[in-house]
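Notes follow the structure.
The values are calculated or read from the model by the stated rules, or taken from the named source; none is laboratory data. Small disclaimer: the values here were computed from a predicted structure and weren't measured. Every residue, glycine as well, gets a Cβ built from its backbone with ideal geometry; the counts of neighbours run over all protein chains shown. SASA here: full protein model, heavy atoms, side chains in, ligands and nucleic acids out. Shrake-Rupley method; radii C 1.70, N 1.55, O 1.52, S 1.80 Å.
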Amino acid sequence: MTQTMATPRAAAPARLRPALGRMREFALLPALAALVVLGAVVNDSFLTERNIISILGASAALALVVLAESLILITGKIDLSLESVVGIAPGLGALLVIPAAAAGFGTGWPAWLGILAIFVVGGAIGAFNGWLSVRLRLNAFIVSLAMLIVLRGLLTGATEGKTLFDMPDAFFAIATTTFLRLPMSVWLAVVCFGVAGFTLRYHRLGRALYAIGGNPEAARAAGIRVERVTWAVYTIAGVLAAAAGLCLTGYVGAINANQGQNMIFTVMAAAVIGGISMNGGRGTMTGAVTGVLLLGVVDNLLTLAQVASFWKQAIYGAIILVALVISRVTSGQAQE
Amino acid sequence: MKRTTLAAAAALTLSAALLTGCGSTKDTGAGPAAGGGGQGGKVGVGLPLLTSPFWQAYNNYVPTMAREQGVDALPTVNSNSDPTQQITDINNLLNQNVRGLVVAPLDSAAIVAGLNQAERKGVPVVAVDVAPEKGKVAMVVRANNRAYGEKACAFLGDRLKKGKVVQIQGDLASVNGRDRSQAFRDCMRSRYPDIKVLEIPAEWKAEKAASGLDSLLNANPDLKGVYMQAGGVYLAPTLQALRSKNLLFPAGDPKHIAIVSNDGIPQEFAAIRKGEIDATVSQPADAYARWGMYYIKQAMAGKTFQPGRTDHGSEIVRLPSGILEDQLPAPLVTKENVNDRSLWGNTVSR
């Protein structure tokens with residue numbers, strides 16, 4: 001690919017590079033397109049408007065966590081505890097609002113304050129994670145694994161394992177109200193991805209993430225305040241994970257003490273097949289979005305096709321594997 | 001020469017010391033419980049998880065029922081969905097010299113190591129909710145999970161006669177998820193051949209239930225019935241998905257989708273009263289605790305049991321593995337009997 005493109009325009013390597021970068025970004029599109037075609041063949045209702053809305057609505061929460069994780073991965077860190085934030089942030093918000101008779105704290109906060117608390121909790125946890133990783137210089141993988149367990153335990157403890165049902169409608173509004181027929185949660189994900197994608201590509205701050213993830217020492221030498229930026233990324237990721245938790249709450253209609261459990265594997269899968277490097281410094285938002293959509297489409301397709309339920313997981317995994325291979329072949333780039 | 005003898009002697013002494021210090025996990029740490037007349041002694045109670053309303057209810061019933069049956073039960077131990085942790089918990093309880101164990105196995109195979117350990121110490125075990133594949137247990141106290149699936153099938157089948165229904169399945173790697181799925185499917189196939197069964201393998205996860213039902217309704221807007229294998233997890237997402245598709249009509253409305261649930265938690269009862277769902281199979285949390293305590297007390301006194309009908313409306317059967325199981329009845333709760341005070345879902349706070 002490089003050869004054929006390079007020969008006629010050997011004198012313009014500067015124009016070549018973004019084109020190549022763009023290629024990698026869209027590496028997953030052929031796989032996605034193949035799946036959509038397959039879906040249309042397998043089931044008549046796959047390509048209907050309402051089914052596409054279903055896929056998007058079901059993927060919104062995942063998309064927000066993938067966005068959060070992608071930002072952290074690009075910065076060269078990792079945060080596994082995001083899946084627990086998805087549970088505990090809306091959980092605490094709900095406990096502050098619902099009456100004591102419904103297992104709440106009995107503080108009886110108004111709904112808007114509870115929802116605000118969700119984001120504050122998410123941001124605070126993110127900031128704390130950032131502090132552990134940036135200030136104390138603990139290993140991000142291990143420390144976030146510990147935080148994953150702590151936060152999950154805190155939610156189970158605070159709810160005594162109960163499922164919270166009796167939230168005011170405002171808690172569900174983000175997934176139940178629609179704009180142009182799409183749930184607000186989808187719009188939220190779109191806006192967040194748009195802002196993040198634009199910032200990463202064009203803004204000084206966004207470029208700083210790549211620099212830090214690529215080589216923190218070089219970034220520091222170039223005048224980037226590495227610690228401060230990393231810390232900010234962790235905090236933003238916490239807020240995004242909390243937003244994802246709110247979307248999931250609205251989608252499901254309750255908060256289970258297990259909310260978000262094991263989600264991080266799906267998040268990592270989406271990010272990595274979307275071309276985000278686990279080693280930091282590489283990956284784009286467009287790629288991450290295609291990763292999320294691919295997983296959403298596969299899940300929807302398997303349900304519609306009514307594959308034998310015992311085999312669904314195996315087929316799901318196999319399709320992810322094939323998608324990885326296709327994106328490797330089409331991009332011609334080694335995956336990290 | 002001398003040095004070799006010395007070394008050999010040293011080796012001999014050392015190995016002797018090692019041998020005497022050596023033991024095996026087969027040693028009986030405590031004498032058999034029967035020695036003390038079999039009545040007294042503490043009973044350890046193991047829980048599989050505490051994140052479901054059902055197990056919370058069971059957990060609350062344990063001390064009450066222990067008092068009722070005159071059993072000295074230790075505070076419950078929660079294995080938090082981890083089968084390995086459960087083995088550790090059993091060992092810890094045995095080290096506290098309990099004279100009886102009531103455990104709810106997370107995994108029918110993985111629990112066997114713990115059961116063997118208890119057997120070596122001469123401590124009788126009653127298994128609740130899940131029958132171990134082998135190993136020695138005095139009794140398995142379990143509602144018949146196949147009956148859950150069949151009850152749900154009969155309810156939906158009699159009401160609908162034909163059309164499409166979906167079962168939102170539990171984890172197919174768990175015996176309870178498998179039994180309910182299989183029974184529902186088999187019953188529909190043999191008794192209601194005009195009903196087509198769709199499936200969502202949701203692994204006891206709310207978001208999987210929501211996205212599965214959401215997708216399925218796009219392809220099958222003519223869906224007539226839903227069987228949720230765990231109301232505690234699937235109730236909210238099912239209602240939410242129907243609401244978002246404008247398909248949630250109260251019972252009695254011709255467009256109402258018939259819904260049968262499984263668990264018997266207060267939220268399901270509230271939904272039945274509101275007409276959002278039609279019925280639920282009440283999994284007897286109180287009976288689990290009561291009969292668990294009853295059988296452990298009997299077993300500690302050295303009693304053994306025989307297959308056959310019991311005096312509490314259930315039947316003891318011998319499983320293929322030779323283990324005895326008391327199959328407790330699970331009542332179907334509908335609008336008619338939803339206010340019955342004897343249902344455990346009406347006795348606990350939400």
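Only residues that are touching a residue at least 24 places away in the same chain (Cβ under 8 Å) and open to solvent by 30 Å² or more (accessible area, probe 1.4 Å) were counted across the range A:81-104, and they come to 2. The residue that is nearest to the other protein chains (Cβ to nearest Cβ), counting only those in the range A:21-65 that are hydroxyl-bearing (Ser, Thr, Tyr) and either within 17 Å of the chain's Cα centre (by Cα) or open to solvent by 30 Å² or more (accessible area, probe 1.4 Å) (or both), is A:Thr48.
Quick one: is B:Ala110 open to solvent by 10 Å² or more (accessible area, probe 1.4 Å), modelled with pLDDT under 90, touching a strand residue (DSSP E or B) at 6+ places or on another chain (Cβ under 9 Å) and part of a loop (DSSP other than H, G, I, E, B)?
no
Does A:Arg181 qualify as being touching a residue at least 12 places away in the same chain (Cβ under 8 Å) and in contact with a helix residue (DSSP H, G or I) (Cβ under 7 Å, 6 or more places away or on another chain)? Answer is yes for this residue.
Quick check on the range A:137-177: of everything there that is at the interface with chain B (Cβ under 9 Å from one of its Cβ atoms) and outside any helix (DSSP H, G or I), which residue is farthest from B:Pro53 (Cα to Cα)? In this case the residue turns out to be A:Phe172.
Going by the structure shown, is B:Pro221 surrounded by fewer than 24 Cβ atoms within 10 Å (Cβ to Cβ), within 22 Å of the chain's Cα centre (by Cα) and either among the hydrophobic types (A, V, I, L, M, F, W, C) or over 19 Å from B:Gly149 (Cα atoms) (or both)? Give the derivation first.
Details: surrounded by fewer than 24 Cβ atoms within 10 Å (Cβ to Cβ): yes; within 22 Å of the chain's Cα centre (by Cα): no; either among the hydrophobic types (A, V, I, L, M, F, W, C) or over 19 Å from B:Gly149 (Cα atoms) (or both): yes.
Considered against the rule, which asks whether it is surrounded by fewer than 24 Cβ atoms within 10 Å (Cβ to Cβ), within 22 Å of the chain's Cα centre (by Cα) and either among the hydrophobic types (A, V, I, L, M, F, W, C) or over 19 Å from B:Gly149 (Cα atoms) (or both), B:Pro221 comes out as no.
Looking at A:Val120, A:Val86, which is the one that is out of contact with any Gly (no Cβ under 6 Å at 6 or more places or on another chain) and closer than 28 Å to A:Gly194 by Cβ?
Working: A:Val86 fails: out of contact with any Gly (no Cβ under 6 Å at 6 or more places or on another chain).
After ruling out the rest, the residue left standing is A:Val120.
Across the range A:19-38, the number of residues qualifying as at pLDDT below 90 and either farther than 30 Å from A:Arg201 by Cβ or of a type in the set (Phe, Trp, Tyr) (or both) comes to 1.
Restrict the check to the range B:120-133 and report whether at least one residue is touching an Asp or Glu at 6+ places or on another chain (Cβ under 6 Å) and outside the structural domain of B:Ala202 (by TED's automatic domain parsing). Can you show your working first?
Our first condition is that a residue be touching an Asp or Glu at 6+ places or on another chain (Cβ under 6 Å); within the range B:120-133, this holds for B:131.
Keeping just the survivors that are outside the structural domain of B:Ala202 (by TED's automatic domain parsing) gives B:131.
Checking the range B:120-133: at least one residue is touching an Asp or Glu at 6+ places or on another chain (Cβ under 6 Å) and outside the structural domain of B:Ala202 (by TED's automatic domain parsing).
When the range B:243-258 is filtered for residues that are buried (at least 18 other Cβ atoms within 10 Å of the Cβ), more than 29 Å from the chain's Cα centre (by Cα) and not in a loop (DSSP other than H, G, I, E, B), only B:Ser244 remains. When B:Val102, B:Val125, B:Val98 are checked against the criterion of being in contact with a strand residue (DSSP E or B) (Cβ under 6 Å, 6 or more places away or on another chain), hydrophobic (A, V, I, L, M, F, W, C) and closer than 22 Å to B:Gln56 by Cβ, a single residue qualifies: B:Val102.
The condition of being within 14 Å of another protein chain (Cβ to nearest Cβ) and assigned to a helix (DSSP H, G or I) holds for only one of A:Gly260, A:Gly238, A:Gly213, A:Gly245, that being A:Gly245.
The residue that is farthest from the other protein chains (Cβ to nearest Cβ), counting only those in the range A:178-193 that are closer than 19 Å to B:Leu242 by Cβ and open to solvent by 70 Å² or more (accessible area, probe 1.4 Å), is A:Arg181.
Looking only at helices (runs of 4 or more DSSP H) that fall completely inside the range B:139-238, which ones have 2 or more residues that are more than 14 Å from chain A (Cβ to nearest Cβ) and in contact (Cβ under 8 Å) with a residue 60 or more places away in the chain?
Because the criterion is at least 2 residues that are more than 14 Å from chain A (Cβ to nearest Cβ) and in contact (Cβ under 8 Å) with a residue 60 or more places away in the chain, the helices (runs of 4 or more DSSP H) in the range B:139-238 that meet it are B:145-160.
Quick one: which residue in B:Arg3, B:Arg67 is at pLDDT 85 or above and not assigned by TED's automatic domain parsing to the domain that holds B:Val233? Step through it out loud before you land on a result.
On the way: B:Arg3 fails: at pLDDT 85 or above.
Selected residue: B:Arg67, the only one of B:Arg3, B:Arg67 that is at pLDDT 85 or above and not assigned by TED's automatic domain parsing to the domain that holds B:Val233.
Between A:Ala314, A:Ala254, A:Ala318, which is at pLDDT below 95, farther than 30 Å from A:Val226 by Cβ, within 14 Å of another protein chain (Cβ to nearest Cβ) and open to solvent by 10 Å² or more (accessible area, probe 1.4 Å)? Break it down stepwise before answering.
Working: A:Ala254 fails: open to solvent by 10 Å² or more (accessible area, probe 1.4 Å); A:Ala318 fails: within 14 Å of another protein chain (Cβ to nearest Cβ).
Going through A:Ala314, A:Ala254, A:Ala318 in turn, just one is at pLDDT below 95, farther than 30 Å from A:Val226 by Cβ, within 14 Å of another protein chain (Cβ to nearest Cβ) and open to solvent by 10 Å² or more (accessible area, probe 1.4 Å): A:Ala314.
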